[in-house]
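Q: I'd like to ask some things about the structure below.
The values are calculated or read from the model by the stated rules, or taken from the named source; none is laboratory data. Just so we're clear, the structure is a prediction, and the values are computed from it rather than from any experiment. In this analysis, Cβ positions are derived from the backbone assuming ideal geometry, glycine residues included, and neighbour counts consider all displayed protein chains.
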């Protein structure tokens, strides 16, 4: 089945990244992404440290990435572990133990220059299931009772939906309710963002083709006048 083949291909392209220590900010998280991109195109990259829907008390959360193909993912796994030097001037990286021993046998010593060591493994994370659990997936209600929403609307925000609350404060809508709303939207002519993008792209191509035809007609008319 095509769907099974697609799922298998995605699974082979997924990787699970463990870091020692955990990146302390987005800049350090980007360094990890840059190291992954040396092996191929990364189509999805998530640092679970910034996953607001995860209320686990464990702050040392892994990272998840999906490469464009399985070959790139395997190259990244084969390169593990990878040492990523931190920019000059970075503060010393604290370690919970004097020496941290990786699964591969490598060691991190407090006396080493500031760096992050990443270990890359294959991943079986269910990304489609995680996406469907996102409170902003498909239909959602704007949290109009939050102080943040009221304040931004009062200040005159251009689009009220931009004043919505954070995902961690969002409440889920039942699947049955979402399906009914989506069916009503389709009946009214609404479309997905992907369909909207495709429609805009088609209109742009039609306008370009129409413009080319107009230019050719003008050239033909001008050429005829000189005959």
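Q: Could you list, in sequence order, all residues of the stretch 140-172 that are surrounded by 14 or more Cβ atoms within 10 Å (Cβ to Cβ) and within 23 Å of residue 182 (Cβ to Cβ)?
A: Answer for the stretch 140-172, where residues must be surrounded by 14 or more Cβ atoms within 10 Å (Cβ to Cβ) and within 23 Å of residue 182 (Cβ to Cβ): 140, 142, 143, 164, 165, 170.
Q: Quick check on the stretch 160-167. Is at least one of its residues outside the structural domain of residue 16 (by TED's automatic domain parsing), in a helix (DSSP H, G or I), modelled with pLDDT under 85 and in contact with a helix residue (DSSP H, G or I) (Cβ under 7 Å, 6 or more places away or on another chain)?
A: Checked against the condition, which is being outside the structural domain of residue 16 (by TED's automatic domain parsing), in a helix (DSSP H, G or I), modelled with pLDDT under 85 and in contact with a helix residue (DSSP H, G or I) (Cβ under 7 Å, 6 or more places away or on another chain), the stretch 160-167 yields at least one hit.
Q: Within the stretch 63-93, track down each residue that is surrounded by 18 or more Cβ atoms within 10 Å (Cβ to Cβ), at pLDDT 70 or above and under 30 Å from residue 166 (Cβ atoms).
A: Correct list: 63, 64, 65, 66, 67, 86.
Q: Out of all the residues in the stretch 116-130, which are farther than 15 Å from residue 11 by Cα and either in contact with a helix residue (DSSP H, G or I) (Cβ under 7 Å, 6 or more places away or on another chain) or surrounded by fewer than 16 Cβ atoms within 10 Å (Cβ to Cβ) (or both)?
A: If the condition is that a residue be farther than 15 Å from residue 11 by Cα and either in contact with a helix residue (DSSP H, G or I) (Cβ under 7 Å, 6 or more places away or on another chain) or surrounded by fewer than 16 Cβ atoms within 10 Å (Cβ to Cβ) (or both), then 116, 118 are the ones that fit.
Q: List the number of the failed condition for residue 123; all other conditions in (1) closer than 28 Å to residue 19 by Cβ; (2) not assigned by TED's automatic domain parsing to the domain that holds residue 77 hold.
A: (2) is the only condition that residue 123 fails.
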